[in-house]
Each structure stands twice: as structure tokens, then as C-alpha cells.
Amino acid sequence: KAYLDAIEAHNPRLNAYITVTADQALEQAVKADQQIAKGEGKALSGIPLGIKDLFCTKGVLTTAASRILENFVPPYESTVTAHLLRDGAVFLGKTNLDEFAMGSANITSAFGAVENPWKRKGDEAFLVPGGSSGGSAAAVAARMALGATGTDTGGSIRQPASFCGITGVKPTYGRCSRWGTIAFASSLDQAGPMARTIADCAVMLGSMAGFDPKDSTSVNREVPDYLAACGKSLKGLKVGIPAEYQIAGMSEEILGIWQKGKEWLKEAGCELVDVSLPHTKYGLATYYIVAPAECSSNLARYDGVRFGRRVEATTLDEMYERTRAEGFGDEVKRRILIGTYVLSAGYYDAYYLKAQKIRTLIRNDFIKAFEQVDVLLTPTAPSAAFAKGEKMEDPVQMYLNDIFTVPASMAGVPALSLPVGLSQTGLPLGLQLIGRHFDEETMFSVGYGLE
Ligand code: GLN
């Protein structure tokens, strides 16, 4: 009830939820109380969560923040949300996002922008919460949920976590099932938890993860006890500092928190090691070929026939055209155009195939670095939260936000962001930890130590 009250008080301004499922939440809470009373409480019994509106929830509107799905009520539950329900969680509602998770500021939602609950010192400007999981991040930061689900294709959990002063984890690709999560770029999309602390994220991920035969890229590996990894000694761990993340023109503040992070880990007994990830500079360019390519293919299914919105017309072609023209927003259209172009017969080798080859080189960089170190420490984003309106004229300026988060996505390795300090203007700043494939545990241990 307290969380529903908070939503009622703050959501009209912050716009973090698209749909609030108050009745359902209260029913689920009563059920959780009964389970606990019988001594049958589970890991998440009664824990109120926000669910990014990209996860299909049975009987509950699921929009992907797009007009084209504004009336879509899935007849099934995504695997990740089914796991959370199995473990007793209470769903408060569906959180806002960039349309189809394409964006870094939560300004492309068909249901309006989300406002970051933080304000700059002495300034009332509307700040963005980051994206695409901006609604989830804002909901947790404003205490409109204890935790929330996010999805991360190129940074969509980590960057909004950093902008809103919370913790967000992108697990290894294949750790969480993608079944029932609306697809953006299937070879990159991963679900993960967003919460106030590393330990909260550890409990949530333990529930969300796990093998699912319905997703062919889900990996059949046991899910470790992530909570047990929190609090382990860090003595002797090797922490890599990748030279290539020291980009030209990086702000003093970001350099400052990175330096602090290094010092804290040294005090905790870690050894700092300089490493190189030489193909980092190609990360953004290749991501913005691979992700749109997969998006153009995935979004072909929204044709007005099987689900979602249909704009009636006299011919079938005209119906497709009008449905897609009216249903998709500008950023989604831009991605579909780029994706269709790089996949087209004349350009496939020059763009898509080349990007895939560079992706392998990026992945190999990480594998090589992890022969020397246990975890990598970098900033999460090149800046603190910015004001709505900034970086909006030029899409490339927006894409630059993802410079530190995209490489881990391309490599499929796990990465998290945790809040470590404030900017001079009083806004949260985050650091990123990147781990070996399927070694989220070391990342959690180090994150817990940094926190
Ligand atoms: N900002 C990136 C993009 O727009 C990442 C989005 C995401 O991770 N879903 O593609």
C-alpha cells in the first residue's frame, strides 16, 4: 500500500509507470502474507516490483512504449516475470521505457518522457532518467518500487541506473531467458535487475535467471547463490583498468570517481592492473549497425495483422504502410531504415558482415583481458543525467552516451553499474564493473565491496 501511495503521489510528475496494477498488487500481497504466515515464504515474498513494459505479463497491457502495441494484452507470461511471481514477488505495474527499448534518455516513449527524480543543485530543469529502462530506474529511485526489471541491449539497465543513483545488473547473455520479452536486438538483449543495492540485485537476479528451453540462447547452467557472493573478501583479486576507456575530453568528475573507485578497491586488497581492449573504439559504430539490423528484422512482425494496432485501409499494402507509419515513432523508424539498409544485398558485406567480424574482435579483447584480471572497472556513462532537450537534435550525440556500456553487450559479458558519488551539481554518478562470461559472482563481490 505504501508503494501504491508513492506511485499515486509521484507518478503524475515522473511518468515512470505506464500501467499501475493496484488491485492485482494487493491480491498478490495478501497471498504473500499468507505464505509467510504459514512459514512458506520465498525469496521475494511480498516484495513490490515494477516491471519494464517490455516483458509480456499475462492479462496486463504490454506496450513496449509504442503506439503499435497500445492495445496489446499478452495471453502469456514472460519467463523472467513468471520466475519472479513463482518466488512471491508483487507486481505494482508496468514501467515506462524508450519505444521498443531504443534510446538513452527515455524520451522516445509514445506515452511521454520520464522525469528523473533527481534535480541539479539550484536548478529546476527536467532531467532525463537515462534509457531505455528509465521508468524502472526512476521508480526505484523515487521509492515507487523496491526493485524493477530492466532489459539491456547496449546499456539500457546500466546507464539509467547510473543517472538515477541506483544499482543495475546486466547478466551474461544467455543467463536470463528472453522468452516473452519483446525483442529489440536478439543477439544482445538481456534482462536484469535494478534496485537500491547490490544485495537486492543479487536476490532478484537469482530469481530471474535460469535455463529455459523456450529460448534457444538460454544457457543450461546452474544459477549460483549471488547473495553468498556479497561480502566475500576481495583480497588478491585483480581489477583491470582498460586504457581505452580513458577517452579524450572525459570530464574531471568522471575521472575523479573512477580514481576513487580504484583507490577503494586497492584499500580492500585488490591489485590494479592496466589492461588493453584495443577494439573498444569500434564498439559504438558496430553496435549501431548490428542492433538496428536485428531490430529491422524483429519489428517486421508488427504488420497490423496478428497483434497490436491496425489502421484500416482499402488494400493490404496500404494497411501495412499506414499501420507502421502511424504505429512507430521516429527513432524506431530511423533504426528500421538503418537496419534494412545495412542488411540489403549491396551493402551486407560492407556493413553487417564487417560489423559482425569486429564484434568477434571486441569479444576476444575481453576474453584476453580476463586471462590477466578477474573484473574490469570503468565509468558507466560519460556524464551525469542531462536535461531534456539536450543531445536531442542529433541522434549521434545521443548514441555517444553508450560508449562505455556497448562493448560489454557486444561481447556478451556481464556488467553492472553502481552509484559511487555525486557530481558537483549534486547528481549521482556510477561506476561499471565488467566480469567474465557467467562469472556474475565476482562482479557482485567487488560491487558489494565498493558499495
Ligand atoms: N541506448 C542504446 C540504444 O539506443 C541501448 C538501448 C538498450 O540497451 N536497450 O540502442
Just to be sure I understand: of the beta bridges DSSP finds with both ends in the chain, what percent are antiparallel, rounded to 5?
65
Can you pull out the GluC sites (Glu not before Pro) in region 252-338 that DSSP calls coil and that have at most 11 other Cβ atoms within 10 Å?
312
Could you order the peptides 350-356, 425-431 from most to least packed, using the average number of other C-beta atoms within 10 Å per residue?
425-431, 350-356
State the Cα centre-to-centre distance between region 38-59 and region 97-155 in whole Å.
21
Taking +1 at the Cβ of each Lys and Arg and -1 at the Cβ of each Asp and Glu, which of 285, 240, 269 sits farthest along the dipole of region 193-295 towards its positive end, judged by Cα position relative to the Cα centre?
269
Derived scalar couplings ³J(HN,Hα) [region 41-48; Karplus, 6.51 cos²θ - 1.76 cosθ + 1.60; whole Hz; x for Gly, Pro]:
x, 10, 3, 10, 4, x, 7, x
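Pop out the Kirkwood hydrodynamic radius of region 2-229 from its pairwise C-alpha distances, inverse of mean 1/r, in Å to one decimal.
Hydrodynamic radius (Kirkwood, Cα pairs) of region 2-229 is 17.0 Å.
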For the chain, give the magnitude of the charge dipole about the Cα centre (Cβ charges: +1 Lys/Arg, -1 Asp/Glu; no others), in debye to the nearest 20.
340
Treating only the Cβ atoms of Lys and Arg (+1) and Asp and Glu (-1) as charged, compute the dipole magnitude of region 2-229 about its Cα centre; round to the nearest 20 debye.
300
Return 170, 1, 368 ranked ascending by Cβ neighbour count within 10 Å, so the fewest neighbours appear first.
1, 368, 170
Within region 2-229, the percent of DSSP beta bridges that are antiparallel, given to the nearest 5, stands at 65
Taking the Cβ of residue 71 as the center, what net charge do the other residues with Cβ under 10 Å away carry, scoring Lys and Arg +1 and Asp and Glu -1?
+2
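Within a 10 angstrom radius of the beta carbon, how do 10, 83 rank from fewest other beta carbons to most? If you can, show how the numbers build up before the last one.
Details: 10 19, 83 23.
Fewest-to-most Cβ neighbours within 10 Å comes out as 10, 83.
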Averaging the inverse of every distinct alpha carbon separation and then flipping it gives the Kirkwood radius. What is it for region 230-318, in angstrom units?
18.0
May I ask you to order 408-418, 11-21 by the average number of other C-beta atoms within 10 Å around their residues, highest value first?
408-418, 11-21
P(r) of the chain in 20 Å steps, Cα pairs, percent per bin?
27, 60, 13, 0
In region 17-55, the trypsin sites (Lys or Arg not before Pro) that fall in loop regions by DSSP, at most 14 other Cβ within 10 Å:
38
Enumerate by residue number the GluC sites (Glu not before Pro) in region 29-84 meeting two conditions: DSSP loop (anything except H, G, I, E, B), and at most 11 other Cβ atoms within 10 Å of the site's Cβ.
40
Residue-averaged [θ]222 nm for the chain, counting only DSSP H segments that reach four residues, each worth -39500 (n - 2.57)
-11000 deg cm²/dmol
Once the dipole of region 2-229 is set up from charges on Cβ (+1 Lys and Arg, -1 Asp and Glu), the residue from the list 75, 59, 198 lying farthest towards its positive end is 198
Neighbours of residue 373 by Cβ distance under 12 Å: Lys/Arg at +1, Asp/Glu at -1, summed charge -2
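Every number here is computed from the coordinates shown, using simple stated rules; none is lab data. Remember, it's a predicted structure, so these values are computed and weren't measured experimentally. For neighbour counting, all protein chains shown are included, and Cβ atoms are generated from backbone atoms with ideal geometry for every residue, glycine included.
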